[in-house]
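Notes follow the structure.
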Amino acid sequence: MIRSRLTDPVMESAIGLVVPFVAYLAAEEVHSSGVIAVVVAGLYLGQRSTRAGYATRLQDTAVWKAVDVVLESFVFLLIGLQLPSVVQGLHGRSVAEVIGASIAVLVTVIAVRLLWVYPATYLPRLLSARIREREPAPPPRGVFVVAWSGMRGVVSLAAAFAIPLTVNSGAPFPGRDMILFITFAVVVGTLLLHGLTLPWLITRLGVDNEEERRKDALALAAAQDKAARAATELLDSLVANADGDPAAVRERAAEILRTWSEHRAHAAWERLGRSEAELGESPSAAFRALRLQMLDTERVVFVTERDNGRIDDEVLRQVLRELDLEEATLNRE
């Protein structure tokens, strides 16, 4: 609610970073699960990201990618730092007991995911004709690959570390070190087991996502075409309602915008799930390649002008940002 009232992308991103901490503390205050609260808050923010401004979405993408890399690295750093003290806390337990419990939990986690993914995939389609029409059921082999991709990470570790060190009486929380060790084992075990076998499994099962890519490309092209037509209709309406000298100016601008909109729609149909090699030298590909070279030349000129003292650093940063945004758009197309 607060983010929707802001117009400053920096403040919106800052609030987005603070929300998980607020959600965790609020949940802990009412003796609920702080970890689950953070996950729910993340889902909520992701669902509402489409309502943010373009500048906020661009900034959030870069910010959260950096946060994701830092957190993933921190997880394994934390495992390495905490493992010696956790192992020391396991005194009195045999090696066979610890390893056996870790393997049992690892197998259970994998089995539960396998048993859950299939019903979660097929049951909604069995009960709802609308879902069947909108999203046809995927092949069982593809569902198995999804089920096998259940690597554990930050959330599992956060849930384990959220266990308090002591109980109300001040005594150590029973079995905490055992829970932490098993969590470490599950995180590393799923990463190694799934991560190392997944490429082989995809090849072995013959799961080919080429058809899925073509389907997505067709849907994207159709949506792009529909959006282009809607934008062109709005453009025609705006030009038709203009009077006097501005009308002529708007008409010239409208012609440029129509051409640009048609280019975007045609580019989507040209791609239609094909790789760059399959596309060859399409008009859109030629336009993109030439414009990218022009952008590189423009950057060199602007940097040279700065070095010669004709423009200052602030102006250079502004124009480089504009060129970077245009290049990002071309590379997405």
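Laboratory data are not the source of any read-out in this text; all were calculated from the coordinates shown. All values reported here derive from a predicted model rather than from experimental measurement. When we count neighbours, we look across all protein chains shown, and the Cβ atoms used for this are built from the backbone with ideal geometry, even at glycine.
Overview of results
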{"item": "Peptides 83-94, 164-175, 285-296, 141-152 ordered by average Cβ neighbours within 10 Å, highest first", "result": "141-152, 285-296, 83-94, 164-175"}
{"item": "Given charges at Cβ of Lys, Arg, Asp, Glu: region 1-123 dipole, positive-most of 25, 43, 70", "result": "43"}
{"item": "Equivalent ellipsoid semi-axes - Cα gyration tensor, region 89-208, angstrom", "result": "36, 19, 11"}
{"item": "Gyration tensor verdict on region 1-69 (Cα atoms; rounded if a/c is under 1.5, prolate if a/b is larger than b/c, oblate otherwise)", "result": "prolate"}
{"item": "Under-5 Å amide H pairs with residue 311, H placed in peptide plane, nonlocal only", "result": "306"}
